[in-house]
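Structure first, commentary second.
The values are calculated or read from the model by the stated rules, or taken from the named source; none is laboratory data. These numbers come from a predicted model, not from an experiment. A quick note on method: Cβ atoms are made from the backbone with ideal geometry, for glycine too, and the neighbour counts reach across all protein chains shown.
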Amino acid sequence: MHKLPRMPEPGEPFAAPTQPKFIRIVLGEGARMPTRATPGSAGLDLYASRDTWVPAGECVVVPTGVRLEIPAGYEGQVRGRSGLTRAGSWCTSGRSTATTAARSASS
């Protein structure tokens, strides 16, 4: 189990980790590597790993086949694209950390 770094006291400078951290991306069957839509994109686009029918007004889980191994002290987020959320086409977002991934693996 990784130990998280101590949080700085108010007014104390925050020291960023000196060791580079990497997120390992593991692709399952039918999965596509996440990509950036443009060179300046802040996030990556995910793709469905299989055709999924979404009835109008319904929310469904869409499989991506992507598994992220996130280092302790970091998180991954899944959010709708701004155009989809404005149009009401996005049901929910998600968040994953090294802790939630460890709990999922042990279940």
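Below are the figures for this structure:
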read-out: Residue match in the stretch 23-33 (condition: β-branched (Val, Ile, Thr), in a strand (DSSP E or B), within 30 Å of Met7 (Cβ to Cβ) and at pLDDT 85 or above); value: yes
read-out: Selection count where residues are assigned to a strand (DSSP E or B) and either farther than 17 Å from Pro34 by Cβ or of a type in the set (Asp, Glu) (or both), scope the stretch 47-78; value: 2
read-out: First in the stretch 60-75 and free of Cβ contacts under 8 Å to residues at least 24 places away in the same chain and under 18 Å from Gly43 (Cα atoms), second anywhere and of a type outside the set (Asp, Glu) and surrounded by 15 or more Cβ atoms within 10 Å (Cβ to Cβ), Cβ under 9 Å, 6 or more apart; value: Glu75/Ser96; Glu75/Thr97; Glu75/Ala98
